[in-house]
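Worksheet: one structure, shown below.
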Amino acid sequence: MSNKYIYCIGLMSGTSLDGIDIAYLKINNNSYQDFEIIKAETFPYPKEWKDVLKEAIFYTKENLKGLDVKYGKLLGNLLNEFIIKNKIYKLDFIASHGHTILHEPHNGVTLQIGDGQEMANITNKKIICDFRTQDVTLKGQGAPLVPIGDKLMFSNYSHCVNLGGFANVSFEKDDKRIAFDICPVNIVLNHYTNKLGFEFDDRGKIASTGKVNKELLETLNSLEFYQKMPPKSLGLEWVQQNIFPLIDDLEKNVETILRTFIEHVAIQIGTVLRDSSTVLVTGGGVFNSFLMQRIEYYSSKKIEIVSKELIEYKEALIFAFLGLLKNKNEINCLQSVTGASKDHSSGVIFYPEK
């Protein structure tokens, strides 16, 4: 009997505002390690959208409602462009992460904008989105959500790490999936690189010219978050309250800031990876070769570099997979990972309005 494949699109926008990742995928409905990224593309944000998304954390509830719809229109139109351009005819559903504006699970709050109904109406396709809210309602962190994909799609790796706006990790321990945010990465590095007029620090070349500010490094490493046991997760608000003021108080030179923060990230990730055997590292941070060298130094591990496609689009792939599980009403959110009161099937399904 031939394998039954699901054809779907996964959509991801990360906190580092690199752009919107769209991936068209083929996933075996019965054997999840059998998948293919057929087509994938990143649509960079225009400057006006970057500015809006950076400021949206300060919006009123009413303004956020309007932004939710407007951003849903943006995603819907990009999806149509992607579908037409790539001549996509087989499509069972679209799964969208949206863009995180607020993430304060301790206050029972998480918000990913990108109105599902708007997207369904524009694309005329089934949309599955809003994967975090239900978990927060069940007293979970609403994050990270990728570990169910790591567990079922990438079980040949002992540890799976993503280096995006934040670094997060997932692994098996005592027959349970453990996962948590490790530390901020690109959300901080890009913030300071922007001050020099660059979008990002290409391969970490600017950071490699700086010096380590030992006082700053020690202060960063002693932050309370790093002593907490998982489940734990980070958001932009935490960075704005805890990281930026601390750095700005202790160092003014951007090259030194970048060099010191890379050392901080490498120490935090290296510590987590010391007990690993095989490590899958994906996300934009992988292209920062200076950062990767420092992580290898502190973890004492040689990290295998996988395909560029998987590095860039793994999160879009896994959010499509979360949609597949939701579509089957199967568990896609793990209590052991988020701290919710139970395992559950999260997400909301929208159909085009007639």
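The values are calculated or read from the model by the stated rules, or taken from the named source; none is laboratory data. On a predicted model such as this, the values are computed, not experimentally measured, just so you know. When we count neighbours, we look across all protein chains shown, and the Cβ atoms used for this are built from the backbone with ideal geometry, even at glycine. Surface areas here come from the heavy atoms of the whole protein model, side chains and all, with no ligands, DNA or RNA. Shrake-Rupley method; radii C 1.70, N 1.55, O 1.52, S 1.80 Å.
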So how many residues does the range 80-109 have that are under 30 Å from PRO231 (Cβ atoms) and either touching a residue at least 40 places away in the same chain (Cβ under 8 Å) or part of a strand (DSSP E or B) (or both)?
14
When the range 172-188 is checked residue by residue, the ones that are touching a residue at least 12 places away in the same chain (Cβ under 8 Å) and closer than 14 Å to GLN335 by Cα are GLU172, LYS176, ARG177, ILE178, ALA179, PHE180
SER155 - would you say it is in contact (Cβ under 8 Å) with a residue 40 or more places away in the chain, out of contact with any helix residue (DSSP H, G or I) (no Cβ under 7 Å at 6 or more places or on another chain) and of a type in the set (S, T, N, Q)?
yes
(1) on the phi > 0 side of the Ramachandran plot; (2) of a type in the set (Gly, Ala, Ser); (3) crowded, with 22+ Cβ neighbours inside 10 Å: which one isn't true of GLY165, the others all being true?
(1)
Set GLU55, GLU48, GLU118: member being open to solvent by less than 50 Å² (accessible area, probe 1.4 Å) and more than 18 Å from the chain's Cα centre (by Cα):
GLU118
With at pLDDT 95 or above and surrounded by fewer than 20 Cβ atoms within 10 Å (Cβ to Cβ) as the only criterion, which of LYS61, LYS70 stands out?
LYS70
Every residue from the range 1-36 that is aliphatic (A, V, I, L, M), assigned to a strand (DSSP E or B) and open to solvent by 20 Å² or more (accessible area, probe 1.4 Å):
ILE6
Go through the range 203-237 residue by residue and tally those that are part of a loop (DSSP other than H, G, I, E, B), surrounded by 14 or more Cβ atoms within 10 Å (Cβ to Cβ) and at pLDDT below 95.
6
Looking only at residues in the range 127-140 that are closer than 30 Å to GLU81 by Cβ and in contact with a helix residue (DSSP H, G or I) (Cβ under 7 Å, 6 or more places away or on another chain), which one is most open to solvent (accessible area, probe 1.4 Å)?
ASP130
Counting only residues that are open to solvent by less than 20 Å² (accessible area, probe 1.4 Å) and part of a strand (DSSP E or B), the range 344-354 contains a total of 1
Out of PHE290, PHE321, I need the residue that is open to solvent by less than 40 Å² (accessible area, probe 1.4 Å), more than 27 Å from GLY140 (Cα to Cα), of a type in the set (Phe, Trp, Tyr) and at pLDDT 95 or above. Which one?
PHE290
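May I ask you to say which residue of SER336, SER341 is assigned to a loop (DSSP other than H, G, I, E, B), over 21 Å from ASN190 (Cβ atoms) and not hydrophobic (A, V, I, L, M, F, W, C)? Break it down stepwise before answering.
Values: SER336 fails: assigned to a loop (DSSP other than H, G, I, E, B).
That would be SER341, the only listed residue that is assigned to a loop (DSSP other than H, G, I, E, B), over 21 Å from ASN190 (Cβ atoms) and not hydrophobic (A, V, I, L, M, F, W, C).
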